[in-house]
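J.: Can you read through this structure? Questions will come right after.
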Amino acid sequence: MKEKNIYTVTRLTRDIRIVLEDTFNKVWVEGEVSNFIVASSGHTYFSIKDKNSVLNCVMFKNASVQSSFEIENGMRLICLGRISVYDKRGQYQLYVESVEPVGKGSLQVAFEQLKTKLDSEGLFDEKNKKPIPGVPVRVGVVTSPTGAAIRDILKVLKRRFNNVEVLLRPVKVQGPGSKEQISSAINELNEYNRYLKKNKKKEHPVDVIIAGRGGGSLEDLWGFNEEIVARAIADSEIPVVSAVGHETDFTIADFTADVRAATPSAAAEIVVPVKKDVVSKIEAYRQRLYGGVKTKIERFKGIVETCAGSYALREPVNVLLRIGQRIDDLMVSARSSIEHSLEIKQRDMASVAGKLNMLSPLAVLERGYSITMKDDSAVRSVKQVEVRDLIVTKFSDGSVVSKIEKIK
């Protein structure tokens, strides 16, 4: 009898895994994303599906970091990976190494996602844009020291305003590390200005920053589509002009910058005016100022000449004498008015004093009457006194103290 070949679950699962991995080692699978989850470990778990089937997917942290866009539920993806078996559950799944969105490139999707995110935070609002100075003294440039951009910028600046100072902060403008260098350069120029202000240095600060590069593919320009660069531009205290060498497409840096220039040369033209135009404008202002001052001087001269011919200036002594006479007249009038007022007040006081005197008890006594007092109070009735009480009788010329012996 033939011996049975019995598998353990682990062995069978392992053999199936080997077969699947050998057969589907590198496979592209298209489907719609669902059940998207990012674990605390950084690994990503999701499913891709079509009308009839669902395939579980795992994308480990290192592959997730390399993705240029964020995966979302409902997004259609093409996933590259290997089919294997998860031993614990005995289920096959796709271990994803890279993903691409269906219909649009991954960079375009990443661009749109970041644009929507930063726009919702207000980084593109016009109210946050800083004005470019009219005539900058020092221009900071963030670009490659060997690229065409810096040559174009220097050429235009020299032609338009040859004594503008340029402070170059060299950076990589594409490839790994470019986004860190560009953002750091913008931050350092701002820190440089703060250092000058804090230490009260006489050196002129950076008035405006041009950040950019020459043209290239979307991948070449991607350093200016990174979030770290956009936030450095938005946080800059110095106005920033984006100058990425493309005329039709926009980068995230263009939306965030205070002014967008189509090319580095255009940025230089925006930043500095033509020196001859500035000189001409200053001369026009000088002429207007001179004409205005001259007109005012002529007008004041006429006023002075008119005043010089007036009687007040020709006969100043007589004017002063008349003023003195007028003052004397006013003094006499004031004195007369005061004396008349005092006489009226005196008559009024005498009249009031006479009336008060008629009502005074002393006046009654002078007419032959007397007042009887007991304990400093006037006695108006016999009921107020008793036999043997002492009373005082006041006359106009003195008083008498009596003792009551009898009351009638």
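No value in this document is a laboratory result; all are computed from the given coordinates. Since the structure is predicted, the reported quantities are computational estimates derived from the model, not experimental observations. As a convention, Cβ positions derive from the backbone with ideal geometry for all residues, glycine included, and neighbour counts pool all protein chains shown.
J.: Given Cβ point charges of +1 (Lys, Arg) and -1 (Asp, Glu) and nothing else, what value in debye, to the nearest 20, does the dipole of the stretch 314-355 about its Cα centre take?
T.: In total the dipole reaches around 80 debye.
J.: Using only Cα atoms, what Kirkwood radius does the stretch 95-180 have, in angstroms?
T.: Hydrodynamic radius (Kirkwood, Cα pairs) of the stretch 95-180 is 16.9 Å.
J.: Still on this structure: Give the value in nm², to one decimal: projected area of the alpha carbon convex hull of the stretch 9-103, averaged over all directions.
T.: On the way: hull surface 26.3 nm².
With every direction weighted equally, the projected area is 6.6 nm².
J.: Need the full-extension length gain, residue 108 to residue 86, defined as separation in residues times 0.36 nm minus the C-alpha distance. One decimal, nm. Please report the intermediate quantities before stating the final value.
T.: Details: separation 22, 0.36 × 22 = 7.92 nm, distance 3.37 nm.
Stretched out fully, the residue 108 to residue 86 stretch lengthens by 4.6 nm.
J.: Can you divide the C-alpha Rg of the stretch 314-355 by 2.2 N^0.38 Å and report the result to two decimal places?
T.: 2.03
J.: Using each residue's phi in the stretch 199-213, evaluate 6.51 cos²θ - 1.76 cosθ + 1.60 at θ = phi - 60° and report the 3J(HN,Hα) Karplus result to the nearest Hz, with x for Gly and Pro.
T.: Whole-Hz 3J(HN,Hα) from phi for the stretch 199-213: 9, 6, 6, 7, 5, 6, x, 6, 8, 7, 10, 9, 10, x, 6.
J.: Follow-up. Around residue 237, what is the net charge, scoring Lys/Arg as +1 and Asp/Glu as -1 over all other residues with Cβ under 12 Å from its Cβ?
T.: -1
J.: Whose amide H sits under 5 Å from the amide H of residue 372, counting only residues 5 or more places off or on another chain, with H placed in the peptide plane?
T.: 379, 394
J.: List the longest stretch of the chain that has no exposed loop site; here a site is one of the chymotrypsin sites (Phe, Trp or Tyr not before Pro) assigned by DSSP to anything other than H, G, I, E or B, with at most 13 other Cβ within 10 Å.
T.: In the chain, the maximal stretch lacking such sites is 8-368.
J.: Moving on. Tally Lys/Arg at +1 and Asp/Glu at -1 over every other residue whose Cβ is under 10 Å from the Cβ of residue 38; what's the total?
T.: Net charge around residue 38: 0.
J.: Identify all lysines with a Cα-Cα distance to residue 296 below 28 Å; exclude those on the same chain that are fewer than 8 residues away in sequence.
T.: 281
J.: How big is D, in µm² s⁻¹, for the stretch 202-244 by Stokes-Einstein at 4 °C and 1.567 mPa s if Rh is the Kirkwood radius over C-alpha pairs?
T.: 111
J.: May I pose another question? So for the chain, what percent of the C-alpha to C-alpha distances run longer than 38 Å?
T.: Of the Cα pairs, 63 percent sit more than 38 Å apart.
J.: Let me ask something additional. For the stretch 181-282, what class follows from the C-alpha gyration tensor (a ≥ b ≥ c being the square roots of its eigenvalues): rounded when a/c is under 1.5, otherwise prolate if a/b is larger than b/c, else oblate?
T.: Here the stretch 181-282 falls in the oblate category.
J.: Looking only at the chain, where both bridge partners belong to it, what percent of the DSSP beta bridges are antiparallel (to the nearest 5)?
T.: Restricted to the chain, the bridges split so that about 65 percent are antiparallel.
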